[in-house]
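This report concerns only the one structure given below.
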């Protein structure tokens, strides 16, 4: 199932590059203008030492506050692009080029909750790993290394609330967890691979902009432009990669969107078989646990 999810996510991303720019062109202009104005105000006389004002060392409290405000604004615009992108893919929505409203903040709140879930799930995992390390040594270290991946799996099982909120589907966190029964590890591995892809693309984008120093290093205007387009490009890459991934996840549980994201009938059948098998295993474990509890009571 992991290979199927990953293949469909990559294909969806590849086939919708143009869609990203069609739905996000106005937001892209906002990102460039926003980062250019902030970067220009923060640019020292000798120019930036790194690729962008966002990667420069923070020297004053005011500069740090402005950088934090810029980061929040970039995230807000990034979420807006992601929502427009997912809506165009799933329901062919043709919304106003610039929109920030209740839908946007619902997606942002869901993302914050997801991050909290991921962070809080690390706490018991870290405690368990510490206990294992005290008893078994090396096995505890492996548990420490596995903990972030388990937290990632938990987050992905809840993550369907993001594309659902984008298309005004009242899917809850509880329903998302149940709907992805049997798909958790496949989602986690796919998310890990797509995260690595995003990291490589961001690195390639940074390398390309750094190479321009060989031609335009002394041009102050180009330094300001480069400073502005780096966070813009980074945000677009993240939106493109993860929106495609979560739209694919969402299409697996909402069959009416399956054809729009390129899922085939055999993909849905494979998912249903995987989910049914997982439900059977869960019921079997629950019966065994209940039987064990009853035996303990009789004693």
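Read-outs throughout are calculated quantities, based only on the coordinates presented, and are distinct from any laboratory measurement. Being a predicted model, the structure only gives us computed values, none of them experimental. With ideal geometry, Cβ positions are generated from the backbone for all residues, glycine too; neighbour counts draw on all protein chains shown.
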Exercise for the section: Please work out whether segment 157-209 counts as rounded, prolate or oblate from its C-alpha gyration tensor, where a ≥ b ≥ c are the square roots of the eigenvalues and a/c under 1.5 means rounded, while otherwise a/b larger than b/c means prolate and anything else oblate? Expected result: oblate
Handout entry: Stokes-Einstein diffusion coefficient of segment 58-101, Kirkwood radius over Cα pairs, 4 °C, 1.567 mPa s, in µm²/s
Key = 107 µm²/s
Exercise for the section: Work out the FRET efficiency for residue 213 and residue 2 from their Cβ-Cβ distance, taking R0 = 45 Å, and round it to the nearest 0.05. Expected result: 0.65
Practice task
For each of 59, 7, count neighbouring Cβ atoms within 10 Å of the residue's Cβ, then give the residues from fewest to most.
Solution key: 59, 7
Handout entry: Virtual spin-label span in nm between residue 92 and residue 68, 7 Å along Cα→Cβ
Key = 4.6 nm
Practice task
Grab the Cα-Cα distance for residue 46 and residue 196, subtract it from 0.36 nm times how many residues apart they are, and report the gain in nm with one decimal.
Solution key: 50.5 nm
Handout entry: R0 of 25 Å, Cβ-Cβ distance residue 22-residue 169: FRET efficiency to nearest 0.05
Key = 0.65
Problem - Distance between modelled label sites at residue 76 and residue 144, nm, 7 Å Cα→Cβ extension - result: 4.0 nm
Exercise for the section: State, as an integer percentage, the relative contact order of the chain based on alpha-carbon contacts under 8 Å between residues 6 or more apart. Expected result: 31 percent
Exercise for the section: Can you tell me the FRET efficiency between residue 222 and residue 133 if r is taken as the Cβ-Cβ distance and R0 is 45 Å, rounded to the nearest 0.05? Expected result: 0.30
Problem - Translational D in µm²/s for segment 15-125 (Stokes-Einstein at 20 °C, 1.002 mPa s, Kirkwood Rh from C-alpha pairs) - result: 132 µm²/s
Handout entry: Debye equation applied to the C-alpha atoms of segment 61-143, log10 I(q)/I(0) at 0.13 Å⁻¹
Key = -0.67
Fill in the blank from the handout: Distance in Å, no decimals, from the C-alpha centre of segment 229-253 to the one of segment 127-189 is 19 Å
Handout entry: Potential extension, residue 61-residue 264 segment - 0.36 nm per residue separation minus Cα distance
Key = 67.7 nm
Fill in the blank from the handout: Honestly segment 110-208 on the Cα gyration tensor test (a ≥ b ≥ c root eigenvalues; a/c under 1.5 rounded, otherwise a/b vs b/c for prolate or oblate) is just oblate
Problem - From the coordinates shown, Rg and Dmax of the Cα atoms in Å corresponds to which of (i) 22.6, 83; (ii) 18.9, 61; (iii) 22.3, 73 - result: (i)
